[in-house]
Structures are given as structure tokens and as C-alpha cells.
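As C-alpha cells, the structure follows; a few thoughts come after it.
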Amino acid sequence: MLKVVNIRVRSFDLSHLDVHWNVADTNEDARAFTFIVEKAVNETGPFSPISTSMIDLYHFRDTTVRGRHSFYHKLYYRVRVTNRETAATRVFPDTGLGVRLAAKPDLIALEMARNVRLKLEELSG
């Protein structure tokens, strides 16, 4: 079974969100599998499909978010992989939680937080 890794949700426009993913190295033919992107408003679901079956595509643009400008309204995504020959299905991420729009942490902000935590630990015992 194919393994989907590095699922990320990005956006450079208010009219859509882009869902990207990669496939781990394998000897299996990637064209023997279909991908369906699912969306939920809660990280644990329920998830509903928002894409058609895609073969050998690792990107989906969700245009159903058009008009949503609230930062506090989170959307969670996952990718369902189905083997076309055996009909075996797997969902990624396989922890049961969805992936949401997020940026990589800023290194300067992480260092500032580390310094504050260090001061609090050293000064307050």
C-alpha cells in the first residue's frame, strides 16, 4: 500500500487553499492508486470528500473556502488512498487527525520563547 507523507495546506490567496502531499518511496506503481481529499471543520471529523478520484496527482485546490476570511475558522484535511485493484483503502494522516493551514514556526520567535522559559526556570526556581 502506498504511504502518503508530508501533507501540507498552504494558501497565497483568500479564494482557495492548496493541499499538497508526497508519496514515500516504494516499488509499487503509483498509478494503481486513487487519491481523494476529504475536509472537516473538526480535527477528528466527520470528514467528507471534496475531490474526485485523482490518479498520479499530489495536489488539490480547494475553492469551496471562497469568502471565508476568519482566521479562527479552522478547516482540516486528510487524503484517502484506495488501491484500484484490491479496493483496499487507507487514510492519511493515519493518526485520525486532520491537517490544517499552518506555517512553519519562526526561528526567531522560537528562540525568544526559549529565552523567556529559561529565565522563568532560573529565576523562579
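The values are calculated or read from the model by the stated rules, or taken from the named source; none is laboratory data. The structure presented is a predicted model; accordingly, all values stated were derived computationally and were not measured. As a convention, Cβ positions derive from the backbone with ideal geometry for all residues, glycine included, and neighbour counts pool all protein chains shown. Note: accessible area is taken over every heavy atom of the protein model, side chains too, but ligands, DNA and RNA are not part of it. Shrake-Rupley method; radii C 1.70, N 1.55, O 1.52, S 1.80 Å.
Tabulated values for the structure
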| item | result |
| --- | --- |
| Tally, over the stretch 16-42, of residues that are closer than 12 Å to L75 by Cα and open to solvent by 50 Å² or more (accessible area, probe 1.4 Å) | 2 |
| Selected residue (criterion: nearest to T64 (Cα to Cα)) from residues of the stretch 1-15 that are in contact with a Ser or Thr (Cβ under 9 Å, 6 or more places away or on another chain) and surrounded by fewer than 14 Cβ atoms within 10 Å (Cβ to Cβ) | S15 |
| From E85, E111, E122, residue being over 30 Å from A24 (Cβ atoms) and either open to solvent by 100 Å² or more (accessible area, probe 1.4 Å) or in contact (Cβ under 8 Å) with a residue 12 or more places away in the chain (or both) | E122 |
| Residue match in the stretch 66-76 (condition: open to solvent by less than 80 Å² (accessible area, probe 1.4 Å), in a strand (DSSP E or B) and modelled with pLDDT of 85 or more) | yes |
| L101 open to solvent by less than 40 Å² (accessible area, probe 1.4 Å) and either of a type outside the set (F, W, Y) or at positive phi (or both) | no |
| Given (1) open to solvent by 50 Å² or more (accessible area, probe 1.4 Å); (2) closer than 19 Å to L17 by Cβ, index of the condition F92 fails | (1) |
| Residue that is farthest from R100 (Cα to Cα) [pool: residues in the stretch 43-56 that are surrounded by 12 or more Cβ atoms within 10 Å (Cβ to Cβ) and free of Cβ contacts under 8 Å to residues at least 40 places away in the same chain] | D56 |
